[in-house]
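Undergrad: Here's a structure for you.
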Amino acid sequence: MNPIISDDFLLDTEMAKRLYNTYAKALPILDFHNHLSPTEIRHNRTFTNMTEIWLEGDHYKWRAMRACGIEEAYITGDASDKEKFLAWAKVVPQLLGNPLYHWVHLELKRYFDIDLLLSEQTAEEIWILGNEKLQSMTTHSLLKANKVEFLGTTDDPTDVLDDHRYLQESDLACFVAPSFRPDQGLEVNGNQFVSWVERLAIRTNKTITTYTDFMDALDERIDAFDALGCRASDHGLSEMVFEPASEQEVQRIFDKRLNNQPVTLHESKQFKTHTLLRLAGKYQEKNWAMQLHIGPLRNNNTKMFKQLGPDSGFDSIGDRPVAEPLSAFLNQLEQHGQLPKTVLYGLNPRDNYILATMAGNFQSGEQPGKIQFGTAWWFNDHLDGMRDQMQILANVGTLRHFIGMLTDSRSFLSFSRHEYFRRILCNLLGEWSEKGLVPADQALLGEYVSAISYHNAAHYFELVREGANQWT
Ligand SMILES: O=C[C@H](O)[C@@H](O)[C@@H](O)[C@H](O)C(=O)O
């Protein structure tokens, strides 16, 4: 019997147990930000073995394996799937205290009904049992089993979006919508920028020679995303920037770059600031949420970046200033009536109070929690990080209007992170109740739990279903 994942996992008080079982456990999932493949959903992908579904693309696990001395061949290299699984099984007992240790066993239990602890000793049995169960699993069945009602995938403006078009015309119960991620179009100094502009021109059947053409093309893609139900943009920002520039200055910077002339760091910040301000205004028109993911220090290992590319487990946390550029950016939008719904995610825990308090500077009567301090992200989405984020939000803002969890994952097994989050939330409220910090009022606390686990996000992203949802 798995000594970790019991029914009361992470629930220390009777109130926490009641809150989780009564208000959280049965709720559907709105995973409004992830990196799942719309193609794999369209084609209802099946998985041959545990390595395919569990280790493929999951750089969290890759980092852990490297830290335990596993050779790259058994992580992303040319070892067999079974060899990679056995290497992973050898690593898991060395991960006590890392959220992966919990997620692995939560996933084994929830998806495979396997109660064993993964180790070298149990690897062969779990490989066989897991692979057997996988024969009846597809991306559609996993979405249904987890009661996933909405998926906001992450998509480039130059993407064709055919998979999304197909899915929306299909009878798939889950609503899958693209999210607008124009990062490559903001990195004017990036190696990909010119080729990205060329792809944008092809996608929009336009000639793009001026900054005005560029923005017109982006506006057209925003309309195309919106027509497919897009609810949000997403921006990965290594640092928050705010360097104002006139349209003429930005036009000149654009011209320089297209003519392969060097663009200074200051000019690149001006270009990013101006373009993000313009895009934010469009998001506000579309009533989309603007998600700002601030602070990664990416691709720190040049050798491995050249070998594996981005998002392969060699990123960490930057320490660039956030408060002043973010304040100026949001303030500029607010002054012009162009501030959209905004979700602020910070990768550096040092910035948590900055983001949580900044959100409070621009709330409005449009809706509760218009500006969100987003859930613990990436290196923070563990027991301490999730709890800290909610405690800080409660300390300086309103936990009640928090839109809660998302997986930000590439794996179809990661929906168990919503359960992880809901248990942490219920335990926090249960603890406050036990200490007399809040009323021991189950109905009131239950309202927090169901709002933060589901209903706030349903309203925030305009996903409220008329009548009962399909799983009740
Ligand atoms: O939680 C980790 C995330 O999936 C991380 O891989 C993403 O945040 C990705 O780097 C991105 O830029 O969106």
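Undergrad: HN-Hα J couplings of region 296-313 from phi, Karplus 6.51/-1.76/1.60, θ = phi - 60°, integer Hz, Gly and Pro as x?
TA: x, 10, 8, 6, 6, 9, 4, 4, 6, 5, 5, 7, 10, x, x, 6, 10, x
Undergrad: Leaving out same-chain residues fewer than 8 places away, which lysines sit with a Cα under 17 Å from that of Lys282?
TA: Lys272, Lys341, Lys370
Undergrad: Round to a whole angstrom and tell me the spacing of the C-alpha centers of region 172-246 and region 123-168.
TA: 26 Å
Undergrad: Return the ratio Rg/(2.2 N^0.38 Å) for region 304-400, where Rg is computed over Cα atoms only.
TA: Relative to the rule-of-thumb radius for its length, region 304-400 sits at 1.22.
Undergrad: Please give me, ordered by residue number, the GluC sites (Glu not before Pro) of region 124-165 that lie in loop per DSSP and have at most 13 other Cβ atoms within 10 Å.
TA: Nothing satisfies the criteria.
Undergrad: Could you tell me the convex hull volume per residue, in Å³, taken over the Cα atoms of region 133-246? Display every interim value, and only then the final one.
TA: Working: hull volume 17.9 nm³, N = 114.
Cα-based convex hull of region 133-246, divided per residue, equals 157 Å³.
Undergrad: Could you tell me what percent of the accessible area of region 229-283 is made up of carbon and sulfur, with a 1.4 Å probe and every protein chain present? Provide the component values of the computation, followed by the final result.
TA: Values: 1050 of 2060 Å².
Reported share for carbon and sulfur atoms: 51 percent.
Undergrad: Here's another thing I want to ask about it. Which whole-number percent gives the relative contact order of region 332-472, counting Cα pairs below 8 Å spaced six or more residues apart?
TA: About 20 percent, as a whole number.
Undergrad: Still on this structure, please answer the following. Output the relative contact order of region 73-157, whole-number percent, from Cα pairs under 8 angstrom with separation of 6+ residues.
TA: Numbers: 42 pairs, mean separation 19.2, N = 85.
Normalised by residue count, the contact order of region 73-157 is 23 percent.
Undergrad: Then there's this: Does anything in region 166-206 have its amide N under 17 Å from the 7 Å Cα→Cβ label point of Asp219, and if so which residues?
TA: Under 17 Å, as judged by backbone N against the label point of Asp219, lie 201, 204-206 of region 166-206.
Undergrad: What are the GluC sites (Glu not before Pro) within region 53-122 that DSSP puts in a loop, where the Cβ has at most 13 other Cβ atoms within 10 Å? It would help to have the intermediate numbers written out before the result.
TA: Working: sites: Glu56, Glu71, Glu72, Glu83, Glu107, Glu120; in loops: Glu56, Glu71.
In loop regions of region 53-122 (DSSP not H, G, I, E or B), the sparsely surrounded GluC sites (Glu not before Pro) are Glu71.
Undergrad: Further, regarding this structure: Along the three principal axes, how long is region 326-472 when you take its alpha carbons, biggest first, rounded to the nearest angstrom?
TA: Computed over the Cα atoms, the extents are 42, 37, 36 Å.
Undergrad: If you place +1 on the Cβ of every Lys and Arg, -1 on the Cβ of every Asp and Glu, and leave all else neutral, what size is the dipole of region 44-170 about its Cα centre, to the nearest 20 Debye?
TA: For region 44-170, the charge dipole is close to 440 debye.
Undergrad: Separate question: For the chain, with every protein chain kept in place, what is the accessible area per residue (1.4 Å probe, Å²)?
TA: For the chain, the per-residue accessible area is 41 Å².
Undergrad: Here's another thing I want to ask about it. Grab the other residues whose beta carbon is less than 15 angstrom from that of Gln442, score K and R as +1, D and E as -1, and report the net.
TA: -2
Undergrad: Which values, in whole Å and largest first, are the semi-axes of the equivalent ellipsoid of the chain obtained as the square root of 5 times each eigenvalue of the Cα gyration tensor?
TA: Semi-axes, largest first: 36, 28, 22 Å.
Undergrad: Could I ask something else about it? Excluding Glu249 itself, what net charge comes from residues whose Cβ is under 12 Å from its Cβ, given Lys and Arg +1 and Asp and Glu -1? Display every interim value, and only then the final one.
TA: Working: positive: Arg252, Lys256, Lys269; negative: Glu243, Glu247, Asp255, Glu267.
Around Glu249, the charge tally is -1.
Undergrad: Nearest 5 percent is fine: what portion of the DSSP beta bridges confined to the chain is antiparallel?
TA: 10 percent
Undergrad: Related question: Diagonalise the Cα gyration tensor of region 218-371 and give the resulting equivalent ellipsoid semi-axes, square root of 5 times each eigenvalue, largest first, whole Å.
TA: Semi-axes from the Cα gyration tensor: 25, 22, 17 Å.
Undergrad: Rounded to a whole number, what is D in µm²/s for region 208-279 from Stokes-Einstein with the Kirkwood radius over alpha-carbon pairs (20 °C, 1.002 mPa s)?
TA: Translational diffusion coefficient: 161 µm²/s.
Undergrad: Just the number, please: carbon plus sulfur as a percent of the accessible area of region 118-218, 1.4 Å probe, no ligands or DNA/RNA counted.
TA: 47 percent
Undergrad: Quick one: compute the contact order of the chain, relative version, from alpha carbon pairs under 8 angstrom and 6+ residues apart, as a percent.
TA: On the way: 750 pairs, mean separation 99.6, N = 472.
Result for the chain is 21 percent.
Undergrad: Using the charge dipole of the chain (Lys, Arg: +1 at Cβ; Asp, Glu: -1 at Cβ; taken about the Cα centre), state which of Thr275, Leu118, Phe314 has its Cα farthest towards the positive end.
TA: Thr275
Undergrad: Run the paramagnetic zone check for Asp115: 7 angstrom along Cα to Cβ, then residues of region 122-162 with backbone nitrogen under 11 Å.
TA: Backbone N within reach: none found.
Undergrad: Please list Lys306, Lys133, Lys341 from largest to smallest accessible area, probe radius 1.4 Å, with all protein chains kept in place.
TA: Lys306, Lys133, Lys341
Undergrad: Next question. Could you go through region 147-159 in sequence order and give the Karplus-derived ³J(HN,Hα) for each residue, using 6.51 cos²θ - 1.76 cosθ + 1.60 with θ = phi - 60°, rounded to whole Hz, and x for Gly and Pro?
TA: 6, 7, 8, 9, 10, x, 7, 10, 9, 7, x, 8, 5
Undergrad: Assign one of three labels to region 1-99, namely rounded, prolate or oblate, based on the Cα gyration tensor with a ≥ b ≥ c the square roots of its eigenvalues; rounded applies when a/c is under 1.5, prolate when it is not and a/b is larger than b/c, and oblate otherwise.
TA: It comes out oblate by the Cα gyration axes.
Undergrad: Oh, and also: Amide H of Leu237: which non-local residues (sequence gap of 5 or more, or other chain) have their own amide H closer than 5 Å, using H built in the peptide plane?
TA: When sequence neighbours closer than 5 places are left aside, the close amide H contacts are His293, Ile294, Gly295.
Undergrad: ³J(HN,Hα) across region 446-462 via Karplus (A = 6.51, B = -1.76, C = 1.60, θ = phi - 60°), whole Hz, x for Gly/Pro?
TA: Running phi through 6.51 cos²θ - 1.76 cosθ + 1.60 with θ = phi - 60° gives x, 5, 4, 4, 6, 5, 6, 7, 8, 5, 4, 5, 4, 6, 4, 9, 6 Hz.
The values are calculated or read from the model by the stated rules, or taken from the named source; none is laboratory data. All values reported here derive from a predicted model rather than from experimental measurement. Reconstructed Cβ throughout: ideal geometry from the backbone, glycine too, with neighbour counts over all protein chains shown. The protein model used for the area step is the full one, side chains on, heavy atoms only, and it has no ligands, DNA or RNA in it. Shrake-Rupley method; radii C 1.70, N 1.55, O 1.52, S 1.80 Å.
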